[in-house]
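Take a look at the structure set out below.
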Amino acid sequence: MPDLSTNPAFTRVTGYSVEEARGQTLWLLKSGRQSPRFYRELWQRLLHEGQWQGEIWNRRKCGDIYPEWLTISAVRNAAGETVQSVGSFTDITAPKAAQERIEFLAYHDALTQLPNRVLTMERIGWAIAHGRRHASRMALLLMDLDKFKLVNDTYGQGGAGTGIGARRV
């Protein structure tokens, strides 16, 4: 097997030293989040097309699971046979967390963390459709909290008195 080479960023991101990684395969970082089918398709594409690129969840030496954007390229010999693969990745933990936060805020009230009007209407629509499909009944309970807008305006996401984050569900 050819010698494995890494750079200092690999050690910073994964926690594995060059010596610990040497001679290992990419399975060293496997998190268990992807199914065997995912890996079969990844390797099939790598063998047939010579490259695979996408998001994958891997595990650091300390056990933390993290998302990365991975590119794997096949290294072929003169006969066109894949003899090795080369991978490079970017830790996308921070951008992924920011994206999840934006998605959460798009559907939840910043102060209460409860579903906002958009998500509530989506869920009501889903419940109605589900009830129609399965000929079942549903009930909807609405509560109107007195002066909640004042509380939300005062203590909400935008700070005292800004009115940012006020939502009425």
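The values are calculated or read from the model by the stated rules, or taken from the named source; none is laboratory data. Source: prediction; values computed, not measured. All Cβ positions, even for glycine, are placed from backbone atoms using ideal geometry, and neighbour counts span all protein chains on display.
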Filter result for the condition that a residue is farther than 14 Å from V86 by Cα and surrounded by 15 or more Cβ atoms within 10 Å (Cβ to Cβ), over S17, S31, S35: S31
Inter-residue pairs, beta-carbon under 6 Å, first within 20 Å of A9 (Cβ to Cβ) and in the range 91-107, second assigned to a helix (DSSP H, G or I) and not small (G, A, S), 6+ apart: D91/V13
Scanning the range 60-118 residue by residue, those farther than 30 Å from L145 by Cα and among the hydroxyl-bearing types (S, T, Y) turn out to be Y66, T71, S73, T82, S85, S88, T90, T93
Whichever residue in the range 61-104 is among the β-branched types (V, I, T) and closer than 19 Å to Q34 by Cβ and, among such residues, is surrounded by the most Cβ atoms within 10 Å (Cβ to Cβ): I72
Tell me the residue from R133, R123 that is farther than 29 Å from P67 by Cβ, at pLDDT 85 or above and of a type in the set (K, R), please. R133
